[in-house]
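The values are calculated or read from the model by the stated rules, or taken from the named source; none is laboratory data. All values reported here derive from a predicted model rather than from experimental measurement. Here Cβ is always computed from backbone atoms with ideal geometry, including for glycine, and neighbour counts include all displayed protein chains. Quick note on the areas: whole protein, heavy atoms, side chains included, nothing else; ligands and nucleic acids left out. Shrake-Rupley method; radii C 1.70, N 1.55, O 1.52, S 1.80 Å.
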Amino acid sequence: MAEKNKNKNNTHVILASSSNTRIKIMNSLFEKVEVIKHKINETKERRKRNDLNPKELAKYLAIIKAKSVSDKSKDGYIIGCDQTLECNQKIINKPRNYKQAKDNLLFLTGKKHKLHTCLYVLKNTTEFFIDETTSQLFFKKISEKKIDEYLVENKETALSCVGSYKIEDNKKYNFIKVIRGNKESIIGFPIMKFIKKLQKEKK
């Protein structure tokens, strides 16, 4: 365990999120991780900012998430992150219930779609780092029965993700083909460029 800690960055970071996936990634990379849930009503903000395209919306949400907890720390790096899914010029949001999760998957099946991800970092209430990525994927044509099986086995995942699926499940179900994009961007947390910038700052 001590050997692992040697490889971790000792920078104080604040994650403005309650995502278990993002928390797990942060704890594997940093020694000093503070998790503070952002104060943003995402559903309300998405409706309010329907003037933004999917990529702009991801950036807007990442920024306001980080800023919503900026009063909690003056010496750490505050990280906000968001991801939007675009298919046929339509934004697919996190489902509120099982039916919406199924509708999302039925809509995606047999189609290409894009994942727009933005990671935004504040330092002393000032923008320190921003990274925007767009990944393109193809959701293979699968039957409604297969979708039902996936939802039964992954109900919690389906209700917590844009598009109602996790790329991490693809090894088991093989329903996603990655056309363009790396794993951390598709997962929705492109953190490595930020870490590289921190390393350069310390030199």
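Give, to the nearest whole percent, the P(r) tail of region 1-139 beyond 22 angstrom, counting all Cα pairs. Walk me through the numbers on the way to the answer.
Working: 4316 of 9591 pairs.
Across region 1-139, Cα pairs with separations above 22 Å total 45 percent.
Give me the accessible area per residue for region 5-93, probe 1.4 Å, as a whole number in Å².
Working: 4680 Å² over 89 residues.
Here the residues of region 5-93 average 53 Å² of exposed surface.
In region 47-112, how does Rg compare with the Kirkwood Rh, expressed as the Rg/Rh ratio over alpha carbon atoms? Spell out each step's value before the answer.
Working: Rg = 15.2 Å, Rh = 13.9 Å.
Answer for region 47-112: 1.10.
Build a GNM of the chain with springs between Cα atoms under 10 Å: which of ILE187, ILE78, ILE179 gets the top mean-square fluctuation?
The residue that fluctuates most here is ILE179.
Would you compute, for the Cα atoms of region 88-160, the largest minus smallest coordinate along each principal axis and list the three values in descending order, in whole Å?
That works out to 50, 24, 18 Å along the principal axes.
Let me know the charge dipole size of the chain about its Cα centre in debye, to the nearest 20, where only the beta-carbon of Lys, Arg (+1) and Asp, Glu (-1) is charged.
Working: 45 positive and 24 negative charges, 51 e Å.
My answer is approximately 240 debye.
Ordered by residue, what ³J(HN,Hα) values in Hz, to whole numbers, does region 31-42 give under the Karplus form 6.51 cos²θ - 1.76 cosθ + 1.60, where θ = phi - 60° and Gly and Pro are x?
Taking θ as phi minus 60°, the curve returns 7, 10, 10, 10, 9, 10, 4, 5, 9, 9, 8, 4 Hz for region 31-42.
Run the helix sum for the chain: -39,500 (n - 2.57) per DSSP H stretch of 4+ residues, divided by residue count, reported at 222 nm to the nearest 500 deg cm²/dmol. Walk me through the numbers before you get to the answer.
Numbers: 10 runs with 84 residues, N = 203.
Using -39500 (n - 2.57) per qualifying helix, the result is -11500 deg cm²/dmol.
In region 50-203, how does Rg compare with the Kirkwood Rh, expressed as the Rg/Rh ratio over alpha carbon atoms? Walk me through the numbers on the way to the answer.
Numbers: Rg = 16.9 Å, Rh = 16.5 Å.
My calculation of the ratio gives 1.02.
Looking only at LYS146, LYS39, LYS55, which one moves most when the chain is put into a Gaussian network model with springs between Cα atoms under 10 Å?
LYS146
What are the principal axis extents of the Cα atoms in region 125-203, in Å, biggest first?
Rounded to whole Å, the extents work out to 54, 26, 18 Å.
Would you be so kind as to identify all helices of the chain, as entire DSSP H runs, whose Cα atoms reach 18 Å or more along the helix's own axis and whose mean Kyte-Doolittle hydropathy is at least -0.5? Show your work: numbers first, answer last.
Values: long enough: 54-68 (21 Å, -0.05).
Answer set is 54-68.
Could you derive backbone 3J(HN,Hα) for region 12-17 from the dihedral phi with the Karplus parameters 6.51, -1.76 and 1.60 (θ = phi - 60°), listing whole Hz in sequence and x where the residue is Gly or Pro?
After applying 6.51 cos²θ - 1.76 cosθ + 1.60, I find 7, 10, 10, 9, 8, 6 Hz.
Using alpha-carbon pairs under 8 Å, 6+ residues apart, how would you state the relative contact order of the chain in percent?
Once divided by the residue count of the chain, the mean separation gives 18 percent.
Could you tell me what percent of the accessible area of the chain is made up of carbon and sulfur, with a 1.4 Å probe and every protein chain present? Write out the running numbers ahead of the final one.
On the way: 5340 of 11230 Å².
In the chain, the share of accessible area belonging to carbon and sulfur is 48 percent.
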